[in-house]
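The values are calculated or read from the model by the stated rules, or taken from the named source; none is laboratory data. Because the structure is a prediction, the values reported are computed rather than measured. Neighbour counts run over all protein chains shown; Cβ positions are idealised from the backbone, glycine included. These area figures cover heavy atoms from the full protein model, side chains too; ligands, DNA and RNA do not enter into them. Shrake-Rupley method; radii C 1.70, N 1.55, O 1.52, S 1.80 Å.
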Amino acid sequence: MSTETIDLKTKLITDFHARESVMNGEARSAFYQKKRAALAQFDELGFPTPKNEEWKYSNVRDLISASYNFNTSDTLSAEDLIDLKMPEQAANILYFVNGHYNAELSKMASSSDQIIIDSLQNAYKKNPELVNSYFDELVKDDNDAFTSLNTAFAHDGVFIHVPDNQTVEHPVILRFVSDARKENIGSQPRNIIAVGKNAHVKIAEAFRTIGEERSFTNVVTEINVGEEAGVEYYKVQNESENAYHIGTTQVRMLDRSHFYAATVTLNGKFTRNNLNIVIDGERCEAHMYGLYFPDGTQHVDNHTVADHRKPNSESNELYKGILRDKSKGVFNGKIFVRPDAQKTNAFQSCKNIVLSPEATMNTKPQLEIYADDVKCSHGTTTGQIDEEALFYMRSRGISKPEAMSLLMFAFCADVVSQIKIDSIREYLENVIAEKLSEK
Amino acid sequence: MLSINGLRASIEGKEILKGINLEVKPGEVHAIMGPNGSGKSTLASVLAGREEYEVTGGNVIFQGKELLELAAEERAAEGIFLAFQYPVEIPGVTTINFLKTAVNEIRKYNGEEPLDAARFLKMVREKAKLVRMNDSLLKRALNEGFSGGEKKRNEIFQMAVLEPKLAILDETDSGLDIDALRIVAEGVNSLRSPERATIVVTHYQRLLDYIVPDFVHVLYKGRIVKSGPKELAFELEEKGYDWIKAEVEAEEVNQ
C-alpha cells in the first residue's frame, strides 16, 4: 500500500469524525448509526487493490493518489451551464452541483401528488422515518469500500417517491455537474428512489464536468421497484478527461415489475459502474443495456449483477463497446439463479469493437446457477469492424471513414434506441455522431 | 468503356484469374458463364475492388482510367456497380439512409452538390416502383431479415438509384424463383441504354432468357476459353460445360 492510499483514507475518516464532533444530538439517530457503521466498514475494507477479484482490471491507485475538496458549496450559475449544451425538455430537471442540490437551477414539471421529488437533505428534514426506511437497505450487504464511503458521507442527492398507481408523465432528469475549474472536486451523491405498486416512471442521471481539474464522483443510487411497477433508469456519463467516476446502482424488484436500465459512458478518465439487480419477485422483467466509447487512455469498467431469487422471471442484458487508441474496457456480468428461481430466463451479451491494437477489452461472464429448470445464455464478442459490411458500403461509393462511422453509429444505436426520454436519446445520438466524425 | 488486359489475380497465394482479356463497349451486355470455381465471381470482385484479392498481372482500363489504382468507393463513384451474389445485412442502417449517403458521397466525388431530401425521396420512390420494391423495406435496416428475393431486388433497386455506367451482376439469379427473376430482369432491362453496359455473371442460361446478352463468354480455369453470340448460351444449356472442358484439356495436351 502506498502512502497516498493511507492519506486519502485517513483524511476521509478524520473528516468524518470532525463533522461528528460538531453534531447536535443527531448522532444518535438511526440514520446516523448506519453512516457510522458504514464508516467502520470502509475503514476495515480500505480502497480496493487489483488483488481484490472485483477490481482486478481497474486500478484506483491514480484516483486515490490526489486530494479532493468534498465540501464546496454551490459555485455554478445558469450561465456557466450554457456551454454544456444540455438538452431542454418538459421534464423534472434537478441540478446537483458538486453533489449538492441546487434549487435555483432546478425546475419541476410534475405535481406533487403524482411524484415526490426532493433533495435527500430536505426529504430527511421533512420525513426522517420515511427516508430512513429506505436508506442503505439495499446496499448494506454490498461489501464495497466505495459504497460504504458513500453511505458514511451521504448528505445530499435525490429522494424520489412515486405513490402506488401513479404513471408519471414527465421524466425526472438528475444532472450532476462537477465544477472542477479551480480545484479537485469530490462529490458523493446518494439517491433513493422508491416506486410504488403499479407506478411508472422514467429517471435519468446525467454526469457532466466543467473545468480541467480532477473530479471524483462516488455515487450510489438505491431503487425500489414495487409490484407491477415499471421503471426506466438511464445513466449517462459525458465527463472530462480528468473525471473519475465510481457508481453503484442497486435495484430490488418485486412481483410482476419491469425495470429497464441503460448505462452510457461517452467520456471520462476512469469509470466504474456497478449495476446490481435483485429480482426478488415472480414474473419480473429486467433489461440492462450498456454502451461505452472510450478513447485516449480512458478506462471504463461495467460490473453488472442479475440476481434471480424467485421463479418465472427474466433478465436480458446487452452491453456494447467501441474502444479506440489506448483505452481499456472491462465488462463483468454476473447472473445468479438461486435454488428457488426455477423457470428463470437469463440472457447476457457483450459485444465490442476494438479499433486500435493498443486498446484492450476484458470481458468476464459469470453464471452461478443453483436451479435446474432454467434457460441461461451468455456470449461475448470482441473484434474489428465487419469487413464484408465495409466493402459492401464502399462498393456503393461510401468512403471508408464514412462507412466506418455509419457502421459504428448503427452499432451504438442498438443501445441508444432503447432510451425512451427523447431529449436524452437525441443528445446521445448527436454526441456519438460528433465523436465518430472526430477521427 | 472497359478494357481488361491479361488480368491475373490470386487470393491467399492461389491464382484464380490467369490472364483475362475482355472488351466491353457502351450499350453492350456481356454474359460471363462457366462452371463452378472457374473464377467468375473473382472477376466480378476484382473489378469492384475487393481488397482480399491480389492482382498479380495485367491491367484494367475503365473510361480511360486505370481502374485497379482506384479504391472501391472511387470505382463506384466513377460508375461501376456490383450487384452482390450475397448482399450483406447491415443492422441499424436503413436502406434509405444508406442510399442517401451513397448518392451524396458519389455526388461529392464528382463535384456536385448533395441532393436535398425532397428530391432524393422523389427519385427513390420512382426507382422503387421500377423494381416493385415495397416502401416499407426502405425504412428497414439494410437487408436485415430480407428474403433472398428481397435482397436481390434491393441490389437492383440500388443500381437503379445509383445509375452506374457499368453494372456487374454477380449470380443475381441464384436463389430466385421465376417471378422474382422476371422482376429483377425487368429492372435491369429498364436501365439498358446506349451509354451503359452490363456484365452478367451467371452459371445458368435461365437469366439470359430475360436479360438478352450481346456476347457470351465462357470462363474456365481462370481464362476466357470461348466467346460467341447469345446462341452460345443455349448450346451451354443444352450440352453443359463438359464439352468445353474437354476442348480445353485437349488443347492443354497439345501444348
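In this structure the amide hydrogen of A:Lys310, modeled in the peptide plane, comes within under 5 Å of the amide hydrogens of A:Gly281, none closer than 5 places in sequence on its chain.
Provide the buried accessible surface between chains B and A in square angstrom, both chains summed, 1.4 Å probe, rounded to the nearest 100.
Chains B and A together bury roughly 2000 Å² of accessible area.
Here segment B:1-53 and segment A:251-309 have alpha carbon centers that stand 51 Å from each other. Each residue of segment A:123-132 was assigned a 3J(HN,Hα) from its phi angle through the Karplus expression (A = 6.51, B = -1.76, C = 1.60, θ = phi - 60°), giving 4, 5, 4, 6, 8, x, 5, 4, 4, 5 Hz with x at Gly and Pro. To the nearest 20 debye, what charge dipole does the protein assembly as shown have about its Cα centre, counting +1 at the Cβ of each Lys and Arg and -1 at the Cβ of each Asp and Glu? Here the protein assembly as shown has a charge dipole of around 200 debye. Mind telling me which of B:Val124, B:Val88, B:Val46 comes out most flexible in a GNM of chain B, alpha-carbon contacts under 10 Å? Per the Cα network of chain B with a 10 Å cutoff, B:Val88 tops the list.
Here the accessible area of the protein assembly as shown is 47 percent carbon and sulfur, with a 1.4 angstrom probe and all protein chains present. Please tell me which of these pairs span more than 19 angstrom C-alpha to C-alpha: A:Lys202/A:Lys310; B:Lys40/B:Lys221; B:Lys40/B:Lys226? Where the Cα-Cα span goes over 19 Å, the pairs concerned are A:Lys202/A:Lys310. Each peptide in B:239-251, A:360-372 gets a packing score, the mean of other Cβ atoms within 10 Å over its residues, and the list from highest to lowest is A:360-372, B:239-251.
For chain A, the membrane-span-like helices by this rule, meaning whole DSSP H stretches whose C-alpha atoms cover at least 18 Å of axis and whose Kyte-Doolittle mean is -1.0 or above, are A:3-21, A:30-45, A:400-416, A:422-438; this says nothing about an actual membrane. With all protein chains in place and ligands, DNA and RNA left out, the 1.4 Å accessible area ranks B:Lys127, A:Lys375, A:Lys182, A:Lys320 as A:Lys182, A:Lys375, B:Lys127, A:Lys320, largest first. Accessible area of A:Asp136 (1.4 Å probe, protein heavy atoms only, ligands and nucleic acids ignored): about 20 Å².
Averaged over peptide A:397-410, the number of partner chain Cβ atoms lying within 10 Å of each residue's Cβ comes to 6.
For segment B:2-254, a crude dipole built from +1 on the beta carbon of Lys and Arg and -1 on the beta carbon of Asp and Glu, taken about the Cα centre, is about 700 debye to the nearest 20. Scoring A:15-22, A:91-98 by mean Cβ neighbours within 10 Å over their residues and listing the highest first yields A:91-98, A:15-22. In the assembled protein chains, B:Phe146 presents an accessible area of approximately 10 Å² (probe radius 1.4 Å). Note on the protein assembly as shown: dipole from Cβ charges, positive end direction compared against A:His155, A:Val300, A:Thr217; the farthest Cα belongs to A:His155. Mean separation of Cα pairs under 8 Å and 6 or more residues apart, divided by the residue count, gives segment A:281-384 a relative contact order of 28 percent. Take every Cα pair under 8 Å whose residues are at least 6 apart in sequence, average their separation, divide by the length of segment B:2-254, and the relative contact order is 28 percent. Measuring only protein heavy atoms, the 1.4 Å probe finds B:Lys65 accessible over about 90 Å².
Segment B:129-154 and segment A:42-95 have Cα centres separated by 48 Å. For the segment B:117-124, counting C-beta atoms of other chains within 10 Å of every residue's C-beta and taking the mean gives 0.
Its relative contact order, with pairs defined as Cα atoms under 8 Å and 6+ residues apart, puts chain A at 10 percent. Farthest toward the positive end of the dipole of segment A:390-439, out of A:Ile398, A:Ala413, A:Asn430, is the Cα of A:Ile398, where the dipole comes from beta carbon charges about the Cα centre. The lysines within cross-link reach of A:Lys51, meaning a Cα-to-Cα straight distance under 20 Å and a gap of 8 or more places when in the same chain, are A:Lys9, A:Lys328, A:Lys334, A:Lys364. Taking amide hydrogens as placed 1.01 Å from N in the peptide plane, the amide H of A:Ala204 sits under 5 Å from those of A:Val172, A:Ile173, A:Leu174, A:Tyr234, each at least 5 positions away in sequence or on another chain. Of the GluC sites (Glu not before Pro) in segment B:1-83, the ones in a loop by DSSP (not H, G, I, E or B) with at most 14 other beta carbons within 10 Å are B:Glu12, B:Glu51, B:Glu52.
Couplings 3J(HN,Hα) of segment B:74-90, computed from phi: 6, 4, 4, 5, 6, x, 9, 10, 10, 8, 6, 5, 10, x, 8, 7, 10 Hz, in residue order, whole Hz [Karplus 6.51 cos²θ - 1.76 cosθ + 1.60, θ = phi - 60°; x for Gly and Pro].
Once the other residues with Cβ under 10 Å from the Cβ of A:Glu232 are scored (Lys, Arg +1; Asp, Glu -1), what is the net sum? Residues close to A:Glu232 contribute a combined charge of +2. For chain B, set up a Gaussian network in which alpha carbons nearer than 10 Å are linked by springs, and say which option among B:Ala118, B:Ala185, B:Ala31 fluctuates the most. Top of the fluctuation ranking is B:Ala118.
Backbone amide hydrogens, once placed in the peptide plane, bring A:Leu291 within less than 5 Å of A:Thr263, A:Val264, A:Thr265, A:Lys320, excluding anything fewer than 5 places away on its chain. In sequence order, segment B:108-120 has phi-based couplings of 4, 4, 8, x, 10, 5, x, 6, 6, 4, 5, 5, 4 Hz under the Karplus curve 6.51 cos²θ - 1.76 cosθ + 1.60, θ = phi - 60°, and Gly or Pro positions carry x.
Please compare each pair in B:Lys65/B:Lys165; A:Lys182/A:Lys435; A:Lys35/A:Lys235; B:Lys65/B:Lys129; B:Lys18/B:Lys152; A:Lys351/B:Lys100 to a cut-off of 23 Å on the Cα-Cα distance and tell me which ones are over it. Among B:Lys65/B:Lys165; A:Lys182/A:Lys435; A:Lys35/A:Lys235; B:Lys65/B:Lys129; B:Lys18/B:Lys152; A:Lys351/B:Lys100, the Cα-Cα distance tops 23 Å for A:Lys182/A:Lys435; A:Lys35/A:Lys235; B:Lys65/B:Lys129; B:Lys18/B:Lys152; A:Lys351/B:Lys100.
Please compute, for peptide B:69-82, the average count of beta-carbon atoms on other protein chains lying within 10 Å of each residue's beta-carbon.
Numbers: counts 0, 0, 3, 12, 11, 3, 3, 7, 4, 1, 1, 2, 3, 4.
Average neighbour count from other chains, rounded to a whole number: 4.
With a cut-off of 11 Å between beta carbons, the residues surrounding B:Tyr86 carry a summed charge of -3, where Lys and Arg count +1 and Asp and Glu -1.
When only the heavy atoms of the protein chains count and the probe is 1.4 Å, how do B:His203, A:His308 rank by accessible area, highest first?
Heavy-atom accessible area, descending, gives B:His203, A:His308.
Simple rule: put +1 on each Lys or Arg Cβ and -1 on each Asp or Glu Cβ in the protein assembly as shown, find the dipole, and look at A:Met108, A:Leu130, B:Asn36; the Cα lying farthest toward the positive end is A:Met108.
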